[in-house]
Amino acid sequence: MDAPPKAIVGPSTFVDDRLGAGTFLKRNLRKIFPDHWSFLLGEIALYSFVILLLTGTFLTFWFKPSMGEVTYTGTYAPLYGVKMSEAYQSALHISFDVRGGLLIRQIHHWAALLFVGGMMAHALRIFFTGAYRKPREINWLIGIILLTLALLEGLTGYSLPDDLLSGAGLRITEGVMLSIPVIGTYLAFFLFGGEYPGHDVISRFYTIHILLIPGILLALITAHMIIMWVQKHTQMAGKGRTEHNVVGAPFYPAFMAKSGAFFLFTFAVIALLGTFAQINPIWLFGPYNPANISAASQPDWYMGFLEGALRIMPSWEINLFDHTIPLSVLIPALVPLGLVMTGMALYPFIEQWVTGDRSEHHIAERPRNNPHRTAIGISAITFYGILWLLGANDVISANFKIDLYTTTWIGRFAIFIGPAIAYFITYRMCIGLQRKDAEVLSHGVESGVIKRMPNGQYIEVHTPAAEDIAEHLRGKQEIPVLTGAPDGEGIPPKSARTALGRLRTRMSEAYGTDRVPLGNGHAHDEEHEEEHAAVGAGDRKQLH
């Protein structure tokens, strides 16, 4: 467009006449962003957070964060006359006596689940496409902090109703704190205000849930969006797209219209779930009593992997200097989450160290084109998924008539074997998909047309791939590899003269070696397949 639209010129002129910021506004409203459906995953998390703020504000008008004991006299007859905390009574009041209260409660809960789910899906998209590479490492770290805080926010919010189910999670939280050497007892007494369950934990969780963590989340999300605005998304490889340009649509009107519609769509889905899909029916669980626990108690899905780790961990402990360190609680609480989050935080820098790659990247990689990274990611998902599944080992045992200890032992082996198998299968799949891409570029795509040759042989005619598809495939980036080979005088490079340097070069060669160059449809380490498929009289070959 030669000139900005009138809808931009008018407001920009108004702002410029008063604040002198019209040029800034005009420039940013016409800012170009790359476009791809996977970018909407992060928007799901953003819009869910907005819905959480709105519905959470509504709930604060009626919720009472107190553990003071009262007798229930509300409209839910089965609990009439039962002693409970004010927190639980107010949650029941919101559910049954406040107009629209149950709907808002359920929308809030579904939005929380979708918030964490959207963040996880967004993080996986960033990881598998290599969008965390320079210059986006800081935004990647901010995203990991956001995900960690979202888990803590979910834990504190889940405990607020003070029902029997959330109380079971609160008891586990107390056990984890007590398992921390030296300071565990002090931390538990500080949080609960004395012996468990005390009288202060709900009010303290409430403050953390509605003020502290949301404030930090809001600040970090703002920083995350500002950095993204400056750096823009990575763009998918394609015709005319390079590391030095941006091919896409302007923020106004394209992205404003699309984002507005997608917010309404996200809200509609959450509202429909809140209307028709019951979640967390606290009135069925009853008030929390530290002496009771219900069978088949499960946390929200995003905390299920910690539950699974706790269930399959052997009952190990260390007794030292009259102190007991319960590894059966400490390891499940800290190790799985620590492995995943620390691994995610360090991976961009480990990859940079292994490959020696210091260049900027604005083109997203296809997951198949970096097979080791993709295999590592799928292994982590498998590790998480196995723990998540085993968080319901009692339910699995009861429904499938499998001995509970059998499921536990299967889980203990699967947590080590499963990720290794997932790594191998994923790596081989990536190589196979790369080989298919090379074949498409070399020989074209099947046309479905069978042609008979003069010698009686039948072949299928191949046609060149469409230009946009071919350019997308040619966007494969070469992974840098550090060399440790000696020079002409037999002297190795300085970086490869130490044990660590030699390890680095071997890792670099394994990580970055391209086994399927695009100019050749065959892998270096695999048997060559037939280049031209045919079916002839008396001689049957594979037809591609």
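The values are calculated or read from the model by the stated rules, or taken from the named source; none is laboratory data. Quick caveat, the model's predicted, so the values are computed rather than measured. Cβ atoms come from the backbone with ideal geometry, glycine included; neighbour counts cover every protein chain shown. These area figures cover heavy atoms from the full protein model, side chains too; ligands, DNA and RNA do not enter into them. Shrake-Rupley method; radii C 1.70, N 1.55, O 1.52, S 1.80 Å.
Taking label positions 7 Å along the Cα-Cβ direction at both ARG428 and LEU327, the computed distance is 3.5 nm, reported to one decimal. Spin-label model, ALA219 to THR71: label points 7 Å out along the Cα-to-beta-carbon direction sit 4.7 nm apart. Each of SER359, PHE383, LEU330 was scored by the projection of its Cα onto the charge dipole of the stretch 326-384, and the greatest displacement toward the positive side belongs to PHE383; charges sit on the C-beta of Lys, Arg, Asp and Glu. Evaluating 6.51 cos²θ - 1.76 cosθ + 1.60 at θ = phi - 60° for every residue in the stretch 49-55, the Karplus couplings come out as 5, 4, 5, 4, 5, 5, 6 Hz, glycine and proline recorded as x.
Computed from Cα positions, the angle between helix 499-512 and the longest principal axis of the chain comes to roughly 70 degrees.
For THR23 and TYR80, FRET efficiency with R0 = 60 Å and r from the beta-carbon atoms, rounded to 0.05? The partial results should precede the final answer.
Numbers: r = 66 Å, r/R0 = 1.10.
About 0.35, to the nearest 0.05.
Its Cα centre serving as origin, the stretch 334-430 has a Cβ charge dipole (Lys and Arg +1, Asp and Glu -1) of approximately 220 debye.
Each label point was placed 7 Å from the Cα along the Cα-to-Cβ direction; for PHE263 and ARG506 their separation is 5.5 nm.
State the extension gain, in nm to one decimal, for the chain segment bounded by TRP409 and VAL182, taking 0.36 nm per residue of separation less the distance between their alpha-carbons.
Additional length available on full extension: 78.6 nm.
Against the chain, whose longest principal axis comes from its Cα atoms, helix 86-96 is set at around 70 degrees. For GLU137 and ALA254, the difference between the fully extended length at 0.36 nm per residue and the C-alpha to C-alpha distance is 39.3 nm.
The Cα atoms of the chain define a convex hull whose projected area, averaged across directions, is 39.1 nm².
The packing ranking, built from the mean of other Cβ atoms within 10 Å per residue, places the peptides 510-516, 31-37 in the order 510-516, 31-37, highest first.
The alpha carbon gyration tensor of the stretch 106-161 gives principal lengths a ≥ b ≥ c with a/c of 1.5 or higher and a/b greater than b/c, which makes the shape prolate.
Rounded to the nearest 20 debye, the dipole size of the stretch 187-333 about its Cα centre is 880 debye, using +1 on the Cβ of Lys and Arg and -1 on the Cβ of Asp and Glu. Peptides 380-391, 473-484, 222-233 ranked from most to least packed give 380-391, 473-484, 222-233, packing being the mean of other C-beta atoms within 10 angstrom over each peptide's residues. Can you give me the C-alpha center-to-center distance between the stretch 119-138 and the stretch 271-327, rounded to a whole angstrom? What the calculation gives is 31 Å, centre to centre. The phi torsions of the stretch 371-377, fed into the Karplus equation with coefficients 6.51, -1.76 and 1.60 and a -60° offset, translate into couplings of x, 5, 4, 5, 5, 4, x Hz, rounded to whole numbers, with Gly and Pro shown as x.
With the cut-off at 25 Å, tell me which of the pairs LYS239/LYS436; LYS258/LYS476; LYS258/LYS436; LYS31/LYS134 have Cα atoms farther apart than that. Table pairs above 25 Å Cα-Cα are LYS258/LYS476; LYS258/LYS436.
When the stretch 250-368 is described by a simple charge dipole with +1 on each Lys and Arg Cβ and -1 on each Asp and Glu Cβ, the residue from TRP316, ASN292, MET303 located farthest towards its positive end is MET303.
Size descriptor for the stretch 150-278, Kirkwood hydrodynamic radius: 19.0 Å (Cα pairs only, one decimal). The portion of the accessible surface of the chain made up by carbon and sulfur, rounded to a whole percent, is 66 (1.4 Å probe; DNA, RNA and ligands excluded).
Net charge dipole, the stretch 96-237: roughly 780 debye, given to the nearest 20, about the Cα centre with Cβ charges of +1 for Lys and Arg and -1 for Asp and Glu.
Dipole of the stretch 403-474 computed with +1 at Lys/Arg Cβ and -1 at Asp/Glu Cβ about the Cα centre; of GLN457, ILE410, CYS430, farthest Cα towards the positive end is ILE410.
Annotation: peptides 353-360, 153-160, ranked by per-residue average of other Cβ atoms within 10 Å with the highest first, follow the order 153-160, 353-360.
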